[in-house]
1. Expected output is a single nm value to one decimal: the length gained when fully extending between Lys378 and Arg273, i.e. 0.36 nm times separation in residues minus the C-alpha distance. What is it?
2. Would you mind working out the magnitude of the charge dipole of the chain relative to its Cα centre, with +1 at each Lys and Arg C-beta and -1 at each Asp and Glu C-beta, to the nearest 20 Debye?
3. Take Lys79, Lys337, Lys378 and order them by how many other Cβ atoms sit within 10 Å, fewest up front.
4. What's the local net charge at Asp161, with K and R +1, D and E -1, over the other residues with C-beta under 14 Å away?
5. What is region 90-188's relative contact order, in percent, from Cα pairs under 8 angstrom and six or more apart in sequence?
6. Give me Leu265, Leu227 sorted ascending by neighbouring Cβ count inside 10 Å, so fewest comes first.
7. Which residues' amide hydrogens lie under 5 Å from the amide hydrogen of Val148, considering only partners 5 or more residues apart or on another chain, with H built in the peptide plane?
8. For the chain, find the longest principal axis of its Cα atoms and tell me its angle to the long axis of helix 114-125, 0 to 90°, nearest 10.
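Rule-based calculations on the coordinates, nothing more; no lab input. Small disclaimer: the values here were computed from a predicted structure and weren't measured. FYI the Cβ positions are ideal-geometry reconstructions off the backbone, even for glycines, and counts take in every protein chain you see.
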Amino acid sequence: MAKHTSLAVILAAGEGKRMRSDRAKVLHEIGGRPMLGHVLSSVAAARIDRAAVVVGVGGDTVADYLRDSAPEVAVYRQKGQHGTAHAVLAARRALADEPDHVLVLYGDTPFVTPATLRRVRQRLARGADVVVLGFRSDDPTGYGRLLVEKGRLLAIREQADASADELDVDLCNAGIMGFAGAGLVRRLKRIGNGNAKGEFYLTDMVEVVNRAGGRVVAMEVAAAEVLGINARVELAAAEAAFQARARREAMAAGVTMIAPETVWLTHDTKLGRDVVIEPNVFFGPGVTVGAGATILANSHIVGATIAENARIGPFARLRPGARIGEGARVGNFVEVKNAELGKGAKVNHLTYIGDASIGAAANIGAGTITCNYDGFTKHRTEIGDGAFIGSNSSLIAPVTVGDGAYIGSGSVISRNVEDDALAVGRARQIDRPGWAAGFRRRHAGNRKATKKR
């Protein structure tokens, strides 16, 4: 049996005026990923062969995003805003080879699943010429209604044009459609613009194909899956829905969340089995947490890898490039950036570790700083296995502290330290017996003199 070819045309030309934003609507993020990125991810997971994105006015930023994140995706520009059918025709070059299946999606409808896209393709493979996604709504006001009879979609009736009986229909148009690719450009050109807005609507393909004796069907999906986002309040609702789903999936996979509603996840957060997460933890993009690790309250983690049985926080910050070894400890008010902590290493409090390698079982005392930046260049600090860095030490990079070496508390270290050596870099202590008592007497006298005046 021949393999069916497929194309996804994603319309990202909407201006999104209700977003009140200088950013393209489809680039607003949910779970740390632009809405358009979510759609492209579902397209890829559904094994659709190719994708094309249609952009409109101000589409340069969308094109830039695609060039960086999905260079294989073709970008087409819609000149003028003349309706959804006009937008699809802007990608006519992608349609020229007539793929078997063409799915039309929207860049601001981020939750459509790969399973649903596969179902659309299956219906097309079984002979449907048009597949229209629909959803049930308790309050369908404002939505186009899908009028179905004996399994056939007869029409999509807009609210303003619906009869009283049609207004009672609760199966609503989700906007997403699938088409048989053969002759699609020709059929799109048959769509007229005799509506109030003078636009060419893709939904009119239902009438065009029905008139030609084709097969048009509706496919019902959950309303949450086809949620479209046009305003900030809807974006917030979509974020909440994403977070709730991501937390449920994580807990179902064996993660403990003490207060799940306070944990913030990202689209690519990876959490191992028996990870424990305390309240108020934020995971930004690019985080992997190994099995059995514990993330204590109020920690902020982005672009970091945390190995098994490590312990992070409370109030810890891991920035991009942080790599925390098995059983390592990163404590309260510690910041780690582009640095590796070896197995069992400890950085327990009030410390900055940047551009560094910390050996296995090393101990970093409170107040330690790796002085990694000279105003122009970042330099590295290398700390060996089993080294002990005393509290309130400053390590001026580039510098190496050998295996098993000790750094005396309060030291400023600017030269390499050999294995098992002791390095102390601080001013000599000076004691003056009786000085404090005399100091207090002098100041007590000054206070009495001031009162008399």
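1. 34.2 nm
2. Charge dipole of the chain: 1880 debye, to the nearest 20.
3. Ascending Cβ contact count within 10 Å gives the list Lys79, Lys378, Lys337.
4. In short, -2.
5. In percent, rounded to a whole number, it is 42.
6. Leu227, Leu265
7. Residues meeting the amide H criterion: Leu154.
8. Helix 114-125 and the main axis of the chain meet at about 20 degrees.
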